[in-house]
1. Go through the range 46-73 and count every residue that is surrounded by 16 or more Cβ atoms within 10 Å (Cβ to Cβ) and within 25 Å of residue 18 (Cβ to Cβ).
2. Would you pick out the residues in the range 63-95 that are farther than 29 Å from residue 154 by Cα and among the aliphatic types (A, V, I, L, M)?
3. Would you kindly identify the strands (runs of 3 or more DSSP E) lying entirely within the range 126-221 that contain at least 3 residues that are surrounded by 15 or more Cβ atoms within 10 Å (Cβ to Cβ), touching a residue at least 12 places away in the same chain (Cβ under 8 Å) and over 17 Å from the mean Cα position of the chain (by Cα)?
4. Name the residue, out of 120, 115, that is outside any loop (DSSP other than H, G, I, E, B) and small (Gly, Ala, Ser).
5. Answer with yes or no whether residue 118 is polar (S, T, N, Q), over 22 Å from residue 30 (Cβ atoms) and surrounded by 14 or more Cβ atoms within 10 Å (Cβ to Cβ).
6. In the range 161-196, how many are within 10 Å of the ligand (Cβ to nearest atom) and in contact with a helix residue (DSSP H, G or I) (Cβ under 8 Å, 6 or more places away or on another chain)?
7. Filter the range 259-287 for residues that are buried (at least 20 other Cβ atoms within 10 Å of the Cβ) and part of a loop (DSSP other than H, G, I, E, B) and give the result.
8. Being without any contact (Cβ under 8 Å) to a residue 24 or more places away in the chain and among the hydrophobic types (A, V, I, L, M, F, W, C) is true for just one of 51, 4. Which residue is that?
Amino acid sequence: MQTIPFDKRVGSIWMNGVYKEWQDCQIHVLNHGLHYGSCVFEGIRIYDGKIFKLVEHIERLYKSAELLDLEIPFRKDEIIEITYQLTKKQKVNNGYIRPVVWRGSEKMEISAIDATTNIAIASWTWPSYFSPEKILEGIRLTKSNWVRPSPQSAPTNSKAAGLYMICSLSKHQAEKKGFDDALMLDYRGFIAEATGANIFFVKKNKLCTPLPDCFLNGITRQTVIEIAKKLKIEVEEKHYNFDFLEGCEEVFLTGTAVEITPVTSIDNFDFKVGKITRLLLSEFNKIVKA
Ligand code: PMP
């Protein structure tokens, strides 16, 4: 599918307090965020004109920024209000919102404590990536050679741009081998998550998901756990080794972009798109549109 590059689109982007023409939203090549990874962001969805869990995403944006020593020069309620305004201005009914925060160009060295913190918010139409039938075909994963770092090696609770370096490398590696995505283990060898989504397993009617102690506790992950508990499905959060995959009946990913996407294989382990995945998917679809 041919898509228009992101710097060639039209519309408005809110940047540092003002709406600018989309193509004028530029930063200088000598920018701390670009060179030293001092950048955090969010990914938020709009379903039928309603922004899903906006407050939770903006809270996480501020937490991510704080973990990277970035002070957003606007109040949370201002950012929330601007996000609503922007989506209306952009006429996005089913789509995506991308807030991004980065350190500016005042310094080109490691320490940049007093450099400015910048913020921009963009939004664009982006209907569900897959049709409902396509979602149910599921995707195939392969284990990545990269592992999620320990919280002592990186601010793992933050949605920091720098943490996506190994995610892109893992996903490229997977796609080159003909898979859709990669499964990442953590620094201890426990199953962590996919490259941009959390992971769930169904084993003996129990819903199992890794403890998010060195990766994002996704907002979709938390929503799915809430749904499962309401449906009286037993939920277990633990550390799981790779061989836990043996005997798993169903597997799916959760995240703002992938929503709930079934996984039909991880290397030599095969899974079906089963009853529990279908039930959670249908309840999730009701909630996001409620
Ligand atoms: N892990 C990673 C690495 C992600 O990029 C995402 C997507 N933000 C998630 C998990 C899922 O988070 P959420 O459900 O909040 O989108």
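1. Going through the range 46-73, the residues surrounded by 16 or more Cβ atoms within 10 Å (Cβ to Cβ) turn out to be 46-47, 51-54, 57-58, 60-62, 64-65, 67-68, 70, 72.
Of the ones still in play, those that are also within 25 Å of residue 18 (Cβ to Cβ) are 46, 51, 54, 57-58, 60-62, 64-65, 68, 70, 72.
Going through the range 46-73 one residue at a time, the tally reaches 13.
2. Across the range 63-95, the qualifying residues are 82, 86, 92.
3. Details: elements: 139-148, 181-186, 191-194, 198-203, 206-210.
Of the strands (runs of 3 or more DSSP E) lying wholly inside the range 126-221, those with at least 3 residues that are surrounded by 15 or more Cβ atoms within 10 Å (Cβ to Cβ), touching a residue at least 12 places away in the same chain (Cβ under 8 Å) and over 17 Å from the mean Cα position of the chain (by Cα) span 139-148, 198-203.
4. Details: 115 fails: outside any loop (DSSP other than H, G, I, E, B).
Of the residues listed, the single one that is outside any loop (DSSP other than H, G, I, E, B) and small (Gly, Ala, Ser) is 120.
5. Taking the combined requirement at face value, the residue does not satisfy it.
6. Result for the range 161-196: 3.
7. 271
8. Working: 51 fails: without any contact (Cβ under 8 Å) to a residue 24 or more places away in the chain.
Answer to the selection: 4.
The values are calculated or read from the model by the stated rules, or taken from the named source; none is laboratory data. Keep in mind that this is a model prediction, so the values were computed, not measured. A quick note on method: Cβ atoms are made from the backbone with ideal geometry, for glycine too, and the neighbour counts reach across all protein chains shown.
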